[in-house]
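Trainee: Dropping a structure here in C-alpha cells format, bear with me for questions.
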Amino acid sequence: SSKLRHVEKDVLIPQIMRERAKELCSDKVQAFTRCCQETGFLMVVKCRQENTALKDCLVGYYSDPLFYEECKAEYLKQREEYRATGIKKKRQKPTSNA
C-alpha cells in the first residue's frame, strides 16, 4: 500500500527532495560555493546574489507539488525494492569533479 507514515512524509521524502533539488540547482550551488571560496570573510555581503539565486532555485522545487509527487514516487519505488529485496539502496550521486 502507498500510505505514508508521518516520518516518511515529513523526513524521508523531503530528504529526497533536497538531494534532487541540489542536483537540479547544481550550477547555483557551484556559483555560491565559488563565491564563498573567493571572498572568504565577506561572503555574507558579497555573495548575497548567489545565495538568493540558490535559495530561490531550491525553494522553487520544494514548493512545487509536481516535484513533491515525483520524489514521493521515487521514494515509494525505493521502499518497494527494499521490501522485496531487504537491501537498502543508496541514491547514486553524480560524481563531481571538484
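Trainee: Spot the failing condition for Ala53; the list is (1) modelled with pLDDT of 95 or more; (2) within 12 Å of the chain's Cα centre (by Cα), and only one is missed.
Mentor: Against the list (1) modelled with pLDDT of 95 or more; (2) within 12 Å of the chain's Cα centre (by Cα), Ala53 comes up short only on (2).
Trainee: Kindly provide the set of residues from the range 1-27 that are assigned to a helix (DSSP H, G or I), at pLDDT below 95 and among the charged types (D, E, K, R), ordered by number.
Mentor: The answer is Glu8, Lys9, Asp10.
Trainee: Quick one: in the range 39-64, which of the residues that are closer than 21 Å to Tyr75 by Cβ and of a type in the set (A, V, I, L, M) is surrounded by the fewest Cβ atoms within 10 Å (Cβ to Cβ)?
Mentor: Checking each candidate, the answer is Val59.
Trainee: Continuing with this model, one more query. Among the residues that make up the range 52-65, is at least one of them under 23 Å from Leu4 (Cβ atoms) and among the polar types (S, T, N, Q)?
Mentor: Scanning the range 52-65 turns up at least one residue that is under 23 Å from Leu4 (Cβ atoms) and among the polar types (S, T, N, Q).
Trainee: Is there a residue being part of a helix (DSSP H, G or I), within 21 Å of the chain's Cα centre (by Cα) and exposed (fewer than 14 other Cβ atoms within 10 Å of the Cβ) anywhere in the range 28-38?
Mentor: Within the range 28-38 (the criterion being part of a helix (DSSP H, G or I), within 21 Å of the chain's Cα centre (by Cα) and exposed (fewer than 14 other Cβ atoms within 10 Å of the Cβ)), the answer is yes, since at least one residue qualifies.
The values are calculated or read from the model by the stated rules, or taken from the named source; none is laboratory data. These figures come from a predicted structure and were not determined experimentally. Because the Cβ atoms are built from the backbone with ideal geometry, glycine has one as well, and the counts that use them run over all protein chains shown.
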